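Peer 1: This structure is in structure tokens; I'll ask about it shortly.
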Amino acid sequence: MKTWRVSGWRRWTVLALVLVGVTIAGYLTYVSLVGIDPACGGLRSDCHTVHTSRYVRIGGVLPVALLGLIFYLALLRLWWWGGWTQGPFAGWTPLAFFELALAGVLFSAYLTYLETFVLRAMCPWCVGSAVTATVICGLAAPAALDMLE
Amino acid sequence: MVRKKKKAKGGEPRSPSRSGETVVTLSRRTFWLVTSAVVLWVALLVSYSAWQGRPKASTVSEVLIQGKVKGSPEAPLTMLIFSDFQCGHCGSFALTTARELEEEYVNTGKLRMEFKHVIVGSPASLGAAVAAECAAEQNRFWDYHDLLYERLGASLDADHLKQYAVELGLDQAAFGECLDAGKQRERVLQNTLEGRDLGITATPSFLIGDEILRGHLPVSTFREVIGAVLMKNMSEIGS
């Protein structure tokens, strides 16, 4: 049986990764709203490039980092919802979780493309978030596929 | 764990199983429909992001030229340098590659270099850029520019910026008044907006003719592009 509820190691690994994502996105949201560069060690210049680029706010208003934070908090909510509630939609959480994670992976892929080929500067925080979202999506996939007839 | 699967078109939530788990099954068609909707939604978001990030102008003539210039006004080619005083790659360019290009092209009358500020995120960068413009009021922009890059990583607070003016022998009263009043702030921000309209998304970036270069590239790349644009301009004049 591979459902969300009972696959213990996968479930707790996903929670740990979601919390990593919340931490990364929360930090990037903070620096974005305060208007400072993130701490990037030797890649300080690259981080400055990425975090002052024209792509850093959607519509010039919504910071991409805040969108990422909302994404990870939504995943956290679904994780909780799928684990400890018995509402009529609780059974849908594996699918909802996987689809949301997939959206995160696709958008992260776009952001990584921008960093690599347009901005030519890599922000390790952004790469970390992209990798985290990808692993979460991979771990969530079996539970969603298990819902298929 | 027990789970009862019943055929259900499109997917339906079932009653909790004996273990208390609510179980849902869905058809492959429904799964792919939902997945396609997610992909479509992300594609719309990406399209919007790419659209808002597009360049709004494509040639030098479409932007105001009000940066700081080095070289003859008669030079056949202008190279715009979009730079930030807190950017390490910008400093490396300014202190190495730019000096080679200056000797090779600017001093021989082939190229005119023009500096443009690109400030978006950091208030300290803005302060440094305003200070450089205040130095420009005393015709010492490039000296102040070089000093800022030589001291890259040092504090850019007002006291340090004024100390640099002292080191360069600038009129301290005039410099302090300019800096404290933020007189050149609008000019710096205008430079930044011009850069954005050209699609400048990173520092350092360069516009040579209609060619945009990004990052601190090897001097050979600059030579190649400058040579090609000069040749193109010559052939256009010839025809």
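Rule-based calculations on the coordinates, nothing more; no lab input. The model shown is predicted, which means the values in this text are computed figures rather than measured ones. FYI the Cβ positions are ideal-geometry reconstructions off the backbone, even for glycines, and counts take in every protein chain you see.
Peer 1: Could you work out the mean count of beta carbons from other protein chains within 10 Å of each residue's beta carbon in A:52-62?
Peer 2: Values: counts 13, 8, 13, 5, 4, 3, 4, 3, 1, 0, 0.
Mean shielding by partner chains, rounded to a whole number: 5.
Peer 1: Report, as an integer, the average count of C-beta atoms from other chains found within 10 Å of each Cβ along B:38-48.
Peer 2: Per-residue shielding by partner chains comes out at 4.
Peer 1: Given the pairs B:K116/B:K183; B:K68/B:K232; B:K70/B:K116, which span a C-alpha to C-alpha distance of over 23 angstrom in this model?
Peer 2: B:K68/B:K232
Peer 1: Shape verdict for chain A, please, from the Cα gyration tensor: rounded (a/c under 1.5), prolate (a/b greater than b/c) or oblate.
Peer 2: Prolate shape, in that a/c is at least 1.5 and a/b is the bigger ratio.
Peer 1: Treating the angle as unsigned and between 0 and 90°, give the value, to the nearest 10°, between the Cα long axis of helix A:124-145 and the longest Cα principal axis of chain A.
Peer 2: The angle comes out near 20 degrees.
Peer 1: Here is a further query. Mind checking A:113-126 for the average number of partner chain beta-carbons within 10 Å of each residue's beta-carbon?
Peer 2: Details: counts 2, 5, 1, 0, 0, 6, 5, 7, 6, 0, 0, 0, 0, 0.
For peptide A:113-126, the averaged partner shielding equals 2.
Peer 1: Among B:183-196, B:203-216, B:74-87, how do they line up from the highest to the lowest mean number of other beta-carbon atoms within 10 Å?
Peer 2: B:74-87, B:203-216, B:183-196
Peer 1: Right, here's the next one. List the Cys residues of chain A that have no partner Cys with a C-beta closer than 4.7 Å.
Peer 2: Cysteines of chain A left without a disulfide-compatible partner: A:C137.
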